[in-house]
Amino acid sequence: MDGYAGKMAFVDLTKGKVTIKPTPEDLKRLYLGGRGFGARIVSDRVDPKTDALSPENVIVFAAGPLTGTGIPLGSRYEVTTKAPLNDTLTSANSGGVFGWKMKKAGFDAVVISGRSPKPVFLFLNEGTAEVRDGTQYWGMRTSETTAALKRDLEDKNVRVACIGPAGEKKSRLACIINEEHRAAGRGGTGAVLGSKNVKALAATGDLPIKPADEEKLNAVKERVRKKIEENGIEKALHSYGTAVLINIINENGVLPTRNFQRGYFPQAEKISGETMAQTILTKPKGCYACIVQCGRVTKAGDEEGEGPEYEPDWAFGADCGIDDLPAIARANYRCNDLGLDAIGTATAIACAMEMTEKGYLDNGIGFGDTEKMLKLVEDIGYRRLLGAELADGSFRFAVKHGHPELSMSVKKQDLPAYDPRGIQGYGLAVATSVRGGDHVYGYMISPEILGAPEKLDPYTSEGKDQWVKTFQDLTASIDASGMCLFTSFALGADDYADLIAATTGMAMTAPDLLQIGERIWNLQKLFNLKVGYTKADDTLPDRLLKEPLQDGAPKGRVWERQPLLDNYYTVRGWDSEGRPTPEKLKELGLM
Amino acid sequence: MNVTVKSFATFREVMDRQLTLDIPEGSTIRTLLAELNGRYNGLNELMFATMDTLKDFVNILKNGRNIHFLAGLDTPLDDGDLVALFPPVAGG
């Protein structure tokens with residue numbers, strides 16, 4: 001009666017053994033769920049020096065206490081592991097229905113270790129967890145896998161999270177796809193499943209998920225529902241999807257174009273959310289219990305699918321110099337079906353495009369070459385031809401070809417769709433992100449460009465250290481709770497704390513919640529330090545520090561690393577090298 | 001003098017997506033918006049919370065710079081300026 005399913009499944013693939021244990025009370029209290037559970041478990045069980053694709057790595061699927069409780073936008077689950085792409089203690093978040101189903105099947109978390117001698121899938125059903133033969137699904141794309149498992153299990157209510165060919169081939173860009181179109185996208189989580197010979201997790205069941213105080217929860221639910229429904233931002237997400245950002249980011253002069261060579265894409269309108277709504281959009285779609293429905297069901301020529309969301313729209317669009325929205329949608333469909341992170345795939349292609357443009361790559365691919373781009377996505381998924389080199393991301397590709405400066409990545413993970421040269425606080429958030437290049441570990445775009453919760457000048461640094469820390473910690477706790485990050489445009493820390501208190505019965509205030517987030521952040525940071533990351537890695541690609549933007553209002557600007565970085569270390573309670581101090585670790589209960 | 005105005009997202013449901021206006025010297029964002037509100041029914045309700053206050057999360061850019069960091073609604077306009085009007089939007 002605390003929102004949790006109450007059990008965790010520990011799957012040792014090497015021994016073929018499943019152990020089911022109660023979800024520990026101290027884990028709930030200190031780490032909440034989702035990303036918090038994952039960070040604690042991976043940190044405890046994985047040596048930071050372990051090869052991410054070895055049997056010794058552990059991968060955790062975890063929902064939060066608010067997942068599947070009927071709270072609006074309470075749909076998320078988190079996949080946490082040591083990342084094949086960059087060795088960080090990473091987590092990837094996904095929505096859809098799978099997280100809810102995992103709890104209805106009886107589990108707050110599934111912890112997978114070892115390596116199976118042959119392909120398997122995990123079947124979670126009404127409190128049981130089994131390792132089953134998955135040989136017949138190996139080689140299938142994600143849509144085929146999902147359909148085949150539903151058919152073979154003779155259960156239309158089963159929900160599937162699986163890898164595609166990219167995960168099987170251990171591409172460091174491989175993701176995990178649930179319900180065919182929702183992705184736990186970044187860091188190469190799909191390659192970890194592939195290395196363990198796990199094709200899929202299938203979850204079914206109808207076990208109860210009961211809150212501690214139903215009456216109180218209903219009252220808080222109504223309050224947050226009203227805030228979300230009345231928030232203008234959430235309305236825009238419904239009407240135009242996340243790609244509504246294309247125009248505002250472009251007009252601000254910070255839409256990275258042609259592998260971050262420019263910050264303005266003249267054809268942005270053609271790939272915008274507004275154009276999508278008038279052309280390829282069939283209908284909006286939401287995850288479990290969603291009242292926003294930012295997802296896009298689309299039709300591009302004779303193909304149908306979902307997306308593109310803002311990020312892949314930008315990545316295959318402006319970053320690759322492509323303005324053909326239906327082609328971008330088709331590239332996105334392919335990524336989902338192959339089990340590829342659409343951001344990392346497209347940005348790796350953009351890197352190859354600049355290599356080609358500069359004459360560093362023979363028989364490469366030019367900016368704007370739509371047909372070649374579409375073929376290359378397939379080749380990346382199957383590790384063929386040039387795709388074989390790009391399948392491990394832009395960083396390894398650029399290093400191999402002697403031009404690491406052309407990988408627009410932080411800690412080997414490619415940057416998302418905003419140019420930090422014109423958004424100083426966002427640059428700090430990305431440079432210090434504990435999973436590398438990333439936009440969902442502290443979304444400073446919200447105050448610096450969108451004006452929520454208040455307008456911060458994107459060109460200045462003052463005060464951004466504290467803002468970044470707060471956003472990073474709050475995001476970590478939202479990821480632990482099971483709520484969708486998009487609720488944060490309408491809700492504050494007090495709202496999440498009230499939802500958690502009513503659901504779990506734990507005393508929870510906004511400061512308590514932020515401290516849980518801070519604990520998670522520091523735990524991930526400690527792991528990364530042991531991997532070997534240092535202050536020198538808390539930075540951005542040289543281009544963004546040295547080559548000024550050339551267009552629009554931010555023309556002439558670069559990202560200014562100092563004193564932002566040192567000030568940030570100070571507000572985090574870290575030493576001058578970016579290491580958590582003993583005092584900070586004691587405060588957080590981490591030593 | 002001429003200024004170009006571009007609208008986005010839900011603002012396009014009540015106004016043209018792009019137009020060029022001939023406005024008097026000394027015009028500001030405030031006088032430009034008054035002109036636009038006179039032309040387009042429903043725009044005022046989408047844009048303003050009160051006569052003097054834009055709604056939360058409405059963003060207006062002059063040549064790519066948010067007017068909040070210029071002189072707000074009193075930001076002066078010059079010949080050739082580009083003004084972009086955004087209702088609340090988000091994503092990620």
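The values are calculated or read from the model by the stated rules, or taken from the named source; none is laboratory data. Because the structure is a prediction, the values reported are computed rather than measured. When we count neighbours, we look across all protein chains shown, and the Cβ atoms used for this are built from the backbone with ideal geometry, even at glycine.
Specify which of the listed residues (B:Ala84, B:Ala49, B:Ala71) is over 30 Å from A:Val292 (Cα atoms) and of a type in the set (Gly, Ala, Ser). Outline the logic, then answer.
Numbers: B:Ala84 fails: over 30 Å from A:Val292 (Cα atoms); B:Ala49 fails: over 30 Å from A:Val292 (Cα atoms).
Going through B:Ala84, B:Ala49, B:Ala71 in turn, just one is over 30 Å from A:Val292 (Cα atoms) and of a type in the set (Gly, Ala, Ser): B:Ala71.
Number of residues in the range A:429-466 that are at positive phi and without any contact (Cβ under 8 Å) to a residue 12 or more places away in the chain equals 2.
For the range A:471-487, residues that are more than 14 Å from chain B (Cβ to nearest Cβ) and either over 21 Å from A:Tyr77 (Cβ atoms) or in contact with a strand residue (DSSP E or B) (Cβ under 7 Å, 6 or more places away or on another chain) (or both) total 1. When we screen A:Ala243, A:Ala236 for residues that are at pLDDT 95 or above and among the hydrophobic types (A, V, I, L, M, F, W, C), the only hit is A:Ala243. A:Gly307 versus (1) out of contact with any strand residue (DSSP E or B) (no Cβ under 8 Å at 6 or more places or on another chain); (2) within 30 Å of A:Asn157 (Cβ to Cβ); (3) touching a residue at least 60 places away in the same chain (Cβ under 8 Å): which is the lone unmet condition? It fails just one condition, (1).
Go through the residues of the range A:394-403 one by one and say whether even a single one is within 14 Å of chain B (Cβ to nearest Cβ), crowded, with 23+ Cβ neighbours inside 10 Å and not acidic (Asp, Glu).
no
The set of residues in the range A:110-126 that are touching a strand residue (DSSP E or B) at 6+ places or on another chain (Cβ under 6 Å), over 19 Å from A:Glu56 (Cβ atoms) and not in a strand (DSSP E or B) contains only A:Pro119.
Checking each residue in the range B:1-56 for being touching a residue at least 60 places away in the same chain (Cβ under 8 Å) and surrounded by fewer than 13 Cβ atoms within 10 Å (Cβ to Cβ) picks out only B:Asn2. No other residue among A:Val440, A:Val410, A:Val468 is at pLDDT 95 or above, within 11 Å of another protein chain (Cβ to nearest Cβ) and in contact with a Leu (Cβ under 7 Å, 6 or more places away or on another chain) apart from A:Val440. Annotation note: Cβ proximity below 8 Å between a residue of the range A:572-588 that is among the polar types (S, T, N, Q) and a residue that is assigned to a strand (DSSP E or B) (sequence gap 6+ or interchain) occurs for A:Thr581/A:Trp574.
Evaluated against (1) within 14 Å of another protein chain (Cβ to nearest Cβ); (2) under 23 Å from A:Leu540 (Cβ atoms); (3) among the small types (Gly, Ala, Ser), A:Ala490 falls short on exactly one condition, (2). The single residue among A:Asn528, A:Asn522, A:Asn567 that is over 26 Å from the mean Cα position of the chain (by Cα) and surrounded by 14 or more Cβ atoms within 10 Å (Cβ to Cβ) turns out to be A:Asn567. Is it true that A:Pro284 is outside the structural domain of A:Pro541 (by TED's automatic domain parsing) and either surrounded by 18 or more Cβ atoms within 10 Å (Cβ to Cβ) or at pLDDT below 95 (or both)? So A:Pro284 fits the description; yes.
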